[in-house]
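What follows is one structure encoded as C-alpha cells, with my remarks underneath.
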Amino acid sequence: MMETTTLMILMAVAMVVARLFCKNGPLKERNGANRDAMLSVAVILAVFGTSVLTACREAKVKEDSTAQKVESTELIRTSQSWDGVELPDYMQGRPELVAVKYVFPAGQKLGWHHHPVMNYGVLVQGELTIIGLDGKTKVVHEGEAVVEMVGTVHHGENRGTKDCILYMFYLSQKDMPLAVQHPEIPLE
C-alpha cells in the first residue's frame with residue numbers, strides 16, 4: 001500500500017517537473033509546450049523513481065537477511081556439583097531466586113563457607129580456584145559455568161593477576177542465607 005502511494009506521488013511530481021521543464025526549459029517550443037516531450041520526461045522520471053524505489057526495497061531485504069540471529073549455547077546441564085556429588089532435591093515451599101555478582105580482586109581469598117541452597121554460575125572474567133575442605137580443587141576458567149557444592153565446606157580464591165568476575169544464581173527461599181561462613185576454619 002505504501003509503495004503504491006509513493007509511486008503515485010512520484011508520478012505526480014514527475015508530471016509537474018516535466019511540465020515546468022517543457023514549458024520554460026530547453027524543450028519549450030515557440031508555439032507553446034510540447035506535449036510529447038512533456039510526457040517523455042514524465043515517463044523517464046517515473047521509471048527512474050521506480051528504479052530507485054526498487055533498489056531501496058531490495059537493499060532493505062538484503063539488510064534484513066544479513067541481520068545477526070540470536071544464538072543460544074547451553075553452558076551446563078547437570079545434577080551434580082563440580083566435585084561429582086549429587087545435588088539435593090528441591091526444597092518444599094515458595095522459591096526465591098537470587099542472582100549475585102562477585103568480584104574477586106587478584107590474590108583475594110574468600111573465607112571457608114558452605115551453601116545451604118543449590119547454586120551455579122558463570123565466570124565472565126579471570127580464573128577462580130575453588131578448594132573443598134577435603135582438598136578437592138576445581139579451577140574455573142573465564143567463560144565456564146560451575147555448579148557449587150551444597151552443604152560442603154569450601155572456599156574460593158583468585159590466584160591470577162586480574163580481577164575475577166563471577167555471576168552466581170541461587171535457588172533459595174525467603175530469609176534463607178545463601179552461604180554460611182565458617183570463620184573458625186583458618187585460611188592458609
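The values are calculated or read from the model by the stated rules, or taken from the named source; none is laboratory data. Treat the numbers as computed from the prediction; the structure is a model and nothing was measured. Note: ideal-geometry Cβ built from the backbone for every residue, glycine included; neighbour counts use all protein chains shown. When the accessible area is computed, the model is the full protein with side chains, heavy atoms only, and any ligands, DNA or RNA have been set aside. Shrake-Rupley method; radii C 1.70, N 1.55, O 1.52, S 1.80 Å.
Does the stretch 110-150 hold any residues that are among the acidic types (Asp, Glu) and either open to solvent by 60 Å² or more (accessible area, probe 1.4 Å) or without any contact (Cβ under 8 Å) to a residue 60 or more places away in the chain (or both), and which are they?
Glu127, Asp134, Glu142, Glu144
Restricting attention to the stretch 151-160, report how many residues are assigned to a loop (DSSP other than H, G, I, E, B) and either open to solvent by less than 10 Å² (accessible area, probe 1.4 Å) or among the charged types (D, E, K, R) (or both).
2
Would the stretch 180-187 turn up any residue that is among the polar types (S, T, N, Q), within 25 Å of Gly84 (Cα to Cα), modelled with pLDDT of 95 or more and within 29 Å of the chain's Cα centre (by Cα)?
no
Would you be able to tell me the number of residues in the stretch 161-188 that are in a loop (DSSP other than H, G, I, E, B), open to solvent by less than 40 Å² (accessible area, probe 1.4 Å) and more than 14 Å from Leu110 (Cα to Cα)?
Of the residues in the stretch 161-188, 1 are in a loop (DSSP other than H, G, I, E, B), open to solvent by less than 40 Å² (accessible area, probe 1.4 Å) and more than 14 Å from Leu110 (Cα to Cα).
Give me the residue from the stretch 80-109 that is more than 27 Å from the chain's Cα centre (by Cα), in contact (Cβ under 8 Å) with a residue 60 or more places away in the chain and part of a strand (DSSP E or B) and, out of that set, surrounded by the fewest Cβ atoms within 10 Å (Cβ to Cβ).
Here the answer is Gln80.
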